[in-house]
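The values are calculated or read from the model by the stated rules, or taken from the named source; none is laboratory data. Because the structure is a prediction, the values reported are computed rather than measured. Cβ placement follows ideal geometry from the backbone for every residue including glycine, while neighbour counts extend to all protein chains displayed.
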Amino acid sequence: MNNKIKAAVAGAVLASASVANAGITWDAGEWTVDMNGNVNAYAIINDSSDTEMAVGGLANTKSNDDTAASINTGLLPSWLGFTATTRQNDLDTSVTISFQPGASVTGGLQGGGTLNENRQAFLTFGDKSWGSVKVGKDLGIFGSTAILNDMTLLGVGSQGIVGTAGGTNTTLGRIGTGFIYADWNGQIAYTTPNMNGLSLTLGVMQPWNSSASAANVSESSTGSTDQFGFQGQGSYSWTGDFAGKVWAGFFSQEVTGGADEDRAQAFEVGVSTTISNINLVAYGYSGEGVGTTALLRDGFDSNGDMRDSDGGYVQATYVIPTGTKLGVSYGLSKLDDNAVDAGKGLVKENTMLTIGAYHPLTKHLNLVAEYSNVEAEAHDTVSDAESNIFSVGAILFF
């Protein structure tokens with residue numbers, strides 16, 4: 001992936017930075033306005049051979065046929081964002097608002113679409129001497145670097161629980177098959193200045209409710225509003241012939257289960273290194289009560305007791321002389337069961353192997369082709385499922 005598209009992904013789309021990188025800019029009085037975003041769509045064929053799937057599984061099941069075809073956006077929704085920045089009273093300040101319109105419908109008279117999102121609405125203020133403060137809704141902290149390093153960010157990956165035949169705003173990429181989704185959280189977060197490659201972020205977060213994948217796996221636990229949630233991440237980056245970044249993060253939130261209160265928590269660690277045209281990524285996480293795929297999803301059983309979970313992924317990409325990035329990645333997310341879960345078909349692990357090619361046709365436009373094999377294994381060994389996903393399409397950043 002060339003540097004322009006890297007900047008667009010990490011800055012304009014998902015990096016939670018105070019100033020978006022790589023967009024269309026103009027001056028408006030004391031402000032500089034940056035309009036940025038992307039448009040993408042993929043032709044997707046999902047081949048599935050199983051009729052049952054584990055509760056919380058991400059492999060798709062067949063209905064009337066083994067295959068499902070769709071034209072849909074990938075892991076990234078189509079995006080339009082606006083960031084306005086200025087410096088006043090020795091403070092760098094900015095405001096960011098973004099819109100994510102859906103790109104697929106599945107029936108007549110649906111041309112207007114209904115799957116539209118507003119993922120960002122936040123302000124920042126700070127100075128390079130002491131750091132910056134963010135207030136509002138933006139990408140969460142825990143899991144954010146894992147998703148930014150996922151090669152399927154430019155493609156499709158798993159279609160998972162979001163469906164098999166279009167009409168969704170995004171696919172899942174590697175979410176739930178290697179990391180838990182960082183998601184879009186209300187937050188007040190502080191980030192230190194860059195200290196010779198070292199940076200730390202700590203956020204006070206909107207507390208969330210727990211959720212279940214299906215009605216037959218009831219959850220008696222809910223998020224507690226007695227306390228805020230907390231997330232944080234520290235990272236160290238270096239440059240040179242052997243460049244890279246290491247990071248570690250945490251998630252913590254009180255959850256009420258029946259008469260008890262538990263603290264759902266998770267920890268993560270990752271590394272990304274680049275040598276010449278080769279990039280290698282390794283990431284892992286472990287938690288209790290945080291569930292799988294999404295934060296607090298299936299993290300508690302029907303008695304309000306926490307389930308343990310862990311996972312991670314490894315990835316290798318290589319840029320050939322034509323500029324095409326070839327990549328392969330493998331990841332899994334595991335969820336332990338409790339005694340009360342017996343016979344409910346709860347997912348044991350979701351895994352995905354992805355092989356992809358990402359070609360920069362221009363400095364803004366990438367052509368993408370991917371193949372992903374997704375498997376969902378249940379604790380009861382009956383509700384296992386597998387799907388093969390083929391996709392080809394394009395994504396353009398501005």
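Thr273 meets the stated requirement of being in contact with a Leu (Cβ under 6 Å, 6 or more places away or on another chain), without any contact (Cβ under 8 Å) to a residue 60 or more places away in the chain and either hydroxyl-bearing (Ser, Thr, Tyr) or not in a strand (DSSP E or B) (or both). For segment 370-394, filtering for residues that are in contact (Cβ under 8 Å) with a residue 24 or more places away in the chain, under 22 Å from Ala68 (Cα atoms) and in a strand (DSSP E or B) leaves 16.
As a summary of the residue check, Thr83 satisfies the conditions (1) modelled with pLDDT under 95; (2) buried (at least 19 other Cβ atoms within 10 Å of the Cβ) except for the one numbered (1). The set of residues from segment 306-322 being assigned to a loop (DSSP other than H, G, I, E, B) and closer than 13 Å to Leu346 by Cβ comprises just one member, Arg307.
Confirm whether Thr171 is crowded, with 24+ Cβ neighbours inside 10 Å, at pLDDT below 95 and over 23 Å from Pro193 (Cα atoms). So Thr171 passes the test. Return only the number of the condition from (1) modelled with pLDDT under 95; (2) crowded, with 23+ Cβ neighbours inside 10 Å that Leu335 does not satisfy. With respect to (1) modelled with pLDDT under 95; (2) crowded, with 23+ Cβ neighbours inside 10 Å, Leu335 is out only on (1). Filtering segment 228-244 to residues that are aromatic (Phe, Trp, Tyr) and not in a strand (DSSP E or B) leaves only Phe228. A single entry from Phe99, Phe125 fulfils the requirement of being at pLDDT 95 or above, surrounded by fewer than 19 Cβ atoms within 10 Å (Cβ to Cβ) and either farther than 24 Å from Leu172 by Cα or aromatic (Phe, Trp, Tyr) (or both): Phe125.
Hand me the list of strands (runs of 3 or more DSSP E) wholly inside segment 1-80 holding 2 or more residues that are more than 23 Å from Pro101 (Cα to Cα) and at pLDDT 85 or above.
Working: elements: 24-28, 31-48, 67-72.
Answer list for segment 1-80: 24-28, 31-48.
Taken over segment 308-332, the criterion of being crowded, with 19+ Cβ neighbours inside 10 Å and either farther than 17 Å from Asn149 by Cα or at pLDDT below 95 (or both) is satisfied by Ser309, Asp310. Scanning segment 368-398 for residues that are farther than 30 Å from Met35 by Cβ and buried (at least 22 other Cβ atoms within 10 Å of the Cβ) yields Ser372, Val374, Ala376, Ala378, Ser383, Ala385, Ser387, Ile389.
Selection of segment 318-377 for residues being touching a Pro at 6+ places or on another chain (Cβ under 7 Å) and more than 22 Å from Thr171 (Cα to Cα) yields only Gly323. Whether any residue in segment 338-359 is without any contact (Cβ under 8 Å) to a residue 40 or more places away in the chain, in a helix (DSSP H, G or I) and surrounded by fewer than 22 Cβ atoms within 10 Å (Cβ to Cβ) is what I want to check. Yes: one or more hits.
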